[in-house]
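Structure, as C-alpha cells:
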Amino acid sequence: MVQSVPPIIPENRRRTCGSANGPSEFEFVATDKGHHAESIKGMLPEGAAAFVGKNGEDVAIKFDQAGNYGVKCTPHYGMGMVAMVVVGTPANEEQARAVPQTGKAKQAFAVLFEKFAATKTAAK
C-alpha cells in the first residue's frame with residue numbers, strides 16, 4: 001500500500017503526521033526542485049534504515065519497523081518543513097522527542113507530538 005504524504009509548504013503552514021498500523025510505503029512529493037525528504041538522525045526506530053531523497057524528486061519510503069520516524073526537507077528545515085510518520089505502537093517515542101530541533105522545526109514537532117498524543121488518547 002502506498003500512502004501519499006502531502007508536501008509541507010511554509011506558505012500554508014501544514015504539518016503532516018501520517019500513521020499506519022503496520023509496514024507501509026509513504027510517498028513524499030517534491031513540490032519543486034528545491035525540496036526533498038530525509039530522515040532525521042535519532043528519530044528512527046531501532047533497525048530502520050536512514051534515507052535521503054534527491055532534490056526535486058518524489059521518493060517512496062517503506063516504513064517497516066514500528067516507531068516514530070522524523071522526516072525533514074533539509075533546505076527548509078529551519079522554516080518548519082518537517083513530518084512525522086508513526087507506524088504501529090512506537091517504542092522510540094521518548095527517543096524521538098529528545099532529539100533537539102531548531103527554528104520553526106522545533107515548533108512544528110511540538111504540534112506533531114501533540115497530534116500524536118491526542119490520537120493515542122482518542123484510541124483508548
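The values are calculated or read from the model by the stated rules, or taken from the named source; none is laboratory data. Just so we're clear, the structure is a prediction, and the values are computed from it rather than from any experiment. Reconstructed Cβ throughout: ideal geometry from the backbone, glycine too, with neighbour counts over all protein chains shown.
How many of the residues making up the stretch 94-124 are out of contact with any Gly (no Cβ under 8 Å at 6 or more places or on another chain) and closer than 21 Å to Ala37 by Cβ? So that I can check it myself, show each step before the final result.
If we filter the stretch 94-124 for residues that are out of contact with any Gly (no Cβ under 8 Å at 6 or more places or on another chain), which is where we start, we get 94, 97, 100-101, 106, 110-124.
Filter again for closer than 21 Å to Ala37 by Cβ, leaving 97, 100-101, 106, 110-113, 115-116.
Total meeting the criteria: 10.
Test each condition in (1) in contact (Cβ under 8 Å) with a residue 40 or more places away in the chain; (2) within 13 Å of Ile40 (Cβ to Cβ); (3) more than 12 Å from the chain's Cα centre (by Cα) for Val85 and report the one that comes out false.
The failed condition is (3).
Checking the structure you have, find out if any residue of the stretch 62-69 is under 20 Å from Leu112 (Cα atoms) and out of contact with any Asp or Glu (no Cβ under 8 Å at 6 or more places or on another chain).
Checking the stretch 62-69: at least one residue is under 20 Å from Leu112 (Cα atoms) and out of contact with any Asp or Glu (no Cβ under 8 Å at 6 or more places or on another chain).
Among the listed residues Lys54, Lys104, which satisfies the condition of being among the charged types (D, E, K, R), modelled with pLDDT of 90 or more and assigned to a loop (DSSP other than H, G, I, E, B)?
Lys54
Looking at the stretch 102-124, which of its residues are more than 13 Å from the chain's Cα centre (by Cα) and crowded, with 17+ Cβ neighbours inside 10 Å?
Lys104 - this is the single residue of the stretch 102-124 that is more than 13 Å from the chain's Cα centre (by Cα) and crowded, with 17+ Cβ neighbours inside 10 Å.
Considering the stretch 61-76 alone, what residues qualify as being part of a loop (DSSP other than H, G, I, E, B) and surrounded by 19 or more Cβ atoms within 10 Å (Cβ to Cβ)?
Passing the criteria: Ala66, Cys73.
Can you tell me which residues in the stretch 23-48 are exposed (fewer than 11 other Cβ atoms within 10 Å of the Cβ) and over 19 Å from Pro100 (Cα atoms)?
Across the stretch 23-48, the qualifying residues are Asp32, Lys33, Gly47.
Does Asn55 satisfy the criteria of being surrounded by 15 or more Cβ atoms within 10 Å (Cβ to Cβ) and not aromatic (Phe, Trp, Tyr)?
no
Quick one: Val71 ticks every box in (1) at pLDDT 90 or above; (2) out of contact with any helix residue (DSSP H, G or I) (no Cβ under 6 Å at 6 or more places or on another chain); (3) closer than 16 Å to Ala91 by Cα except a single one, so which number is it?
Unmet condition: (3).
Within the stretch 77-100, how many residues turn out to be outside any strand (DSSP E or B) and modelled with pLDDT under 90?
So the answer is 4.
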